[in-house]
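Below: the structure, in structure tokens.
The values are calculated or read from the model by the stated rules, or taken from the named source; none is laboratory data. Just so it is clear, the model here is predicted, and its values are computed rather than measured. Protein only, heavy atoms only, side chains kept; ligands, DNA and RNA dropped before computing areas. Shrake-Rupley method; radii C 1.70, N 1.55, O 1.52, S 1.80 Å.
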Amino acid sequence: MLGIPFSFFVQWHLTERCNLKCLHCYQKAAVDEMGFEEICQAIGDIKDTVEGWGREYEVQISPSLHFTGGEPVVRREIFDILAHARALGFSLSLMSNGTLITGDIAHRIKESGVSDVQVSLEGLQEVHDRVRGQGSFEHAVRGIRNLVSEGIDTNINFTLSRINAGEIEGLTLLAEEIGAGAVTFSRLVACGRGEELAGEMLTPTELSNLYKEARKLGADHKVEVFSSDPLFILSELGEEVPQTDFPIGGCAAGMYGVTITSDGSVMPCRRMDLSIGNIRQKSLRELWQSPVLWSLRNRSEYHDGCESCYYWAVCRGCRAIALSFARAKGAEDFLGADPQCPYFRQVK
């Protein structure tokens, strides 16, 4: 009998090309792109790998592909790629800046079987346009309206920093007004162009207070307000946490999914900018055994307090933020403490 269903995702950056130039973008320069046939071959490899895991470990695995960019709709073959992945049984998501999603494109996204679309809004108009470019707010909101009119589950996402920490209530009210189902957020990682915004990152106390505000907004409104950030989940965790040396929740990097960039490089997380190989040259099964990924799964590899925290098995903070802070000090270290964490609790 198969065990508990297990989710596995690939965040796939089909292109680095984009019609915007956001202040916090983790990209630095254009890179090579995999061809259509190469992408289809890699999707087939992922399908074979996931099905093999299911047989070997007797678990039900629900695989999903989250296509993004750059801006994914600038990729000429986007709808052919979606159709191929859907035909192979993958659940599909799209992550977009929304500005190019016309009514026709929204309809084609619906017809492609995409289950949900995440559109980036960094705040209301003034703040959003400051971060993503003049006029982009209006176009993004229009894109969201087009998606909602097609009945597509559409969420607003923003990259959290001191720049837009005061925008969360306004975004929640806007989401209600235009029919978005949720407001989600992830913390700023100071990499790529975002290195220039390192001084805008929230302190642990500021982060804790904002997470409390987000939870209250989610409780008071019909729109969900949440983050997949382990620290957000941890902020109201009341249950007893098993003390294991292998993760049972928390940061997804190297545990529940990986990232593929436009040139085929595979990373634990896109914001870590740490390649473990290339899907053009190695199978996902081979890449999954990377020493980097195994270190992310091994409690004894962590240090600076994270390894001795009561919540390690269900948290581990954000490895991308830990890495960006270490790199700012000249070190290549992704296993130290998350510098924004306000929840450390020593194991007794």
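What to note about this one:
- Isotropically averaged projected area of the chain, using the convex hull of Cα atoms (one quarter of hull area), nm²: 17.2 nm²
- Straight Cα distances below 18 angstrom link Lys282 to the lysines Lys47, with same-chain residues fewer than 8 positions distant left out.
- Contact order for the chain, expressed relative to its length and based on alpha carbon pairs under 8 Å spaced 6+ residues apart, stands at 17 percent.
- Reciprocal of mean inverse Cα separation for the range 50-194 (Kirkwood radius, Å): 16.2 Å
- Each residue of the range 216-229 was assigned a 3J(HN,Hα) from its phi angle through the Karplus curve 6.51 cos²θ - 1.76 cosθ + 1.60 (θ = phi - 60°); the sequence is 5, 4, x, 6, 8, 10, 6, 7, 5, 10, 7, 9, 7, 4 Hz, with glycine and proline shown as x.
- Taking every alpha-carbon pair in the range 268-348 and binning the separations at 5 Å intervals from zero gives 3, 15, 24, 22, 17, 11, 6, 2, 1, 0 percent.
- Full-stretch length increase - Lys21, Glu126 - with 0.36 nm per residue and alpha-carbon distance subtracted: 36.2 nm
- Taking the range 116-272 and dividing mean pair separation by its residue count, relative contact order in percent (alpha carbons under 8 Å, at least six apart): 17 percent
- Anchor Lys222: lysines whose Cα lies under 30 Å away (excluding residues fewer than 8 positions away in-chain): Lys110, Lys212
- Candidates Arg55, Arg297, Arg316, ranked by Gaussian network fluctuation over the chain, Cα under 10 Å, top entry: Arg55
- Taking the 1.4 Å solvent-accessible surface of the chain as the whole, the part contributed by carbon and sulfur is 50%.
- Lysines with Cα under 30 Å of Lys329, excluding same-chain neighbours fewer than 8 positions away: Lys21, Lys28
- Averaging 1/r over every pair of different alpha carbons in the range 199-291 and inverting the result gives a Kirkwood radius of 16.1 Å.
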